[in-house]
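Quick notes on the structure that follows.
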Amino acid sequence: MNRAELEDHLLQYIAHRKSLGYRQVPAGTLRRFVHDYTEEYPAESIQVGHVLDWVTRGTRSPQTQSGILCAVRDFLRFVSVTDQTTGIPDSHLLRSPRRSAPYIWTTEQLQTLLTAAKGVQPHRGLRAAAYVAVLGLIASSGLRISEALHLQVADVCLDAEQPHVVVRETKFKKSRIVPLHTTVVKRLKDYADRRTRHCHARRAHTFFVTDRGQPIDQKYMERWFAGITDKIGLRTPPGRRPTIHSLRHTFAVRRLTQWYEEGKSVWELVPNLSVYLGHVSPAESYWYISATPDLLNAASDRFSSYLSSGDPS
């Protein structure tokens with residue numbers, strides 16, 4: 001297959017994915033694949049071995065290789081509908097990367113982080129208050145950073161009988177209602193009160209904004225977070241920084257740990273946690289059980305009790 005033909009298939013594939021509602025299509029990666037493959041193997045049918053060579057070349061990490069292979073495989077399935085000579089790599093050709101253990105924050109570390117957020121410039125500006133509120137919301141509810149920053153004013157229901165936020169069609173195109181603890185409600189109301197005192201901010205539709213009413217920029221906040229955790233001296237054992245997403249991990253692990261300590265039926269409650277976190281399936285939530293020694297030991301103790309008594313709770 002020549003380059004023009006494969007590029008035409010790619011344009012059709014991208015349009016097809018978008019028509020199905022996919023928000024993210026790895027177009028850049030697929031364009032590089034089409035360019036490189038047709039450069040090296042002009043006018044040849046696509047072969048699995050050649051695809052695998054392209055995916056694994058260079059210094060790409062196992063996680064990156066796995067993601068690229070998945071993207072290319074989906075594209076080649078599309079191509080094979082009209083060109084049955086197209087080779088499609090199996091999913092087992094590359095070892096599935098293991099998920100790293102999440103960074104779990106201590107209460108003291110969280111307090112240090114929130115104190116640092118209060119010092120974000122400009123001093124006494126709304127950005128600092130927004131950072132504190134966003135980080136506190138993520139740590140206490142397990143929201144993704146993108147979910148928190150995309151909340152609209154109408155989505156934050158602090159005066160409802162059961163205060164909550166409405167997370168609308170984020171990852172996996174799911175919407176959900178996330179109840180809030182009373183302590184979180186108080187902090188968010190403090191931020192909302194400060195927000196109303198800034199004329200540009202109170203006219204904005206996005207809930208978390210700067211003094212000028214502009215939405216908090218995720219990349220800018222993540223750069224600040226990386227810098228402040230470096231300054232605080234936080235590191236995982238291999239020397240990697242914790243990320244904002246690790247606050248979500250911490251929430252999930254603490255909730256599971258608390259359920260174990262209270263003697264509750266964790267296996268029955270995990271699907272509830274999955275819905276609360278917006279996971280695509282409960283399997284993603286079960287991963288947290290092995291996240292910390294304490295949680296893993298609690299699960300092991302519960303399993304031992306089940307073996308001896310037959311009680312699966």
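The values are calculated or read from the model by the stated rules, or taken from the named source; none is laboratory data. Please read all numbers here as calculations on a predicted model, not as lab measurements. Positions of Cβ are backbone-derived with ideal geometry, glycine not excepted, and every protein chain shown enters the neighbour counts.
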Segments classed as helices (runs of 4 or more DSSP H), wholly inside the range 122-214, with at least 3 members that are within 26 Å of the chain's Cα centre (by Cα) and within 27 Å of Leu273 (Cβ to Cβ): 126-141, 145-149, 182-196
Among Arg223, Arg212, which is more than 19 Å from Ala139 (Cα to Cα) and surrounded by fewer than 17 Cβ atoms within 10 Å (Cβ to Cβ)? Arg212
First in the range 260-275 and within 24 Å of Val167 (Cβ to Cβ), second anywhere and of a type in the set (Asp, Glu), Cβ under 9 Å, 6 or more apart: Ser274/Glu284
May I ask you to verify whether Glu268 is in the same structural domain as Pro122 (by TED's automatic domain parsing) and either basic (Lys, Arg) or closer than 20 Å to Gly142 by Cβ (or both)? no
When residues of the range 170-221 are limited to those that are of a type in the set (D, E, K, R) and touching a helix residue (DSSP H, G or I) at 6+ places or on another chain (Cβ under 7 Å), the one nearest to Asp155 (Cα to Cα): Arg176
Candidate set from the range 34-66 (those that are without any contact (Cβ under 8 Å) to a residue 24 or more places away in the chain and under 22 Å from the mean Cα position of the chain (by Cα)); member that is nearest to Ile88 (Cα to Cα): Thr64
Top-ranked residue in the range 1-20 [being under 30 Å from the mean Cα position of the chain (by Cα) and surrounded by fewer than 16 Cβ atoms within 10 Å (Cβ to Cβ); ranked as modelled with the lowest pLDDT]: Leu20
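Look through the range 1-55, keep the residues that are part of a loop (DSSP other than H, G, I, E, B) and of a type in the set (Val, Ile, Thr), and return whichever of them is farthest from Lys174 (Cα to Cα).
Ile46
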Considering residues that are assigned to a loop (DSSP other than H, G, I, E, B), under 18 Å from the mean Cα position of the chain (by Cα), at pLDDT 80 or above and not polar (S, T, N, Q), the number found within the range 243-299 is 1
State whether the residues of the range 222-231 include one that is at pLDDT below 90, of a type outside the set (Asp, Glu) and in contact with a helix residue (DSSP H, G or I) (Cβ under 7 Å, 6 or more places away or on another chain). no
Are any residues in the range 79-104 in contact with a Lys or Arg (Cβ under 9 Å, 6 or more places away or on another chain) and either modelled with pLDDT of 70 or more or surrounded by fewer than 10 Cβ atoms within 10 Å (Cβ to Cβ) (or both), and if so, which ones? Thr86, Ile88, Pro89, Asp90, Ser91, Pro102, Tyr103, Ile104
Is at least one residue of the range 92-108 free of Cβ contacts under 8 Å to residues at least 60 places away in the same chain, among the acidic types (Asp, Glu), over 22 Å from Glu5 (Cα atoms) and outside any loop (DSSP other than H, G, I, E, B)? yes
Might you check whether a residue that is crowded, with 18+ Cβ neighbours inside 10 Å, acidic (Asp, Glu) and in contact (Cβ under 8 Å) with a residue 60 or more places away in the chain occurs anywhere in the range 177-191? no
Name the single residue that is farthest from the chain's Cα centre (by Cα) among those in the range 21-33 being of a type in the set (Gly, Ala, Ser) and either over 20 Å from Glu5 (Cβ atoms) or loosely packed, with under 15 Cβ neighbours inside 10 Å (or both). Gly28
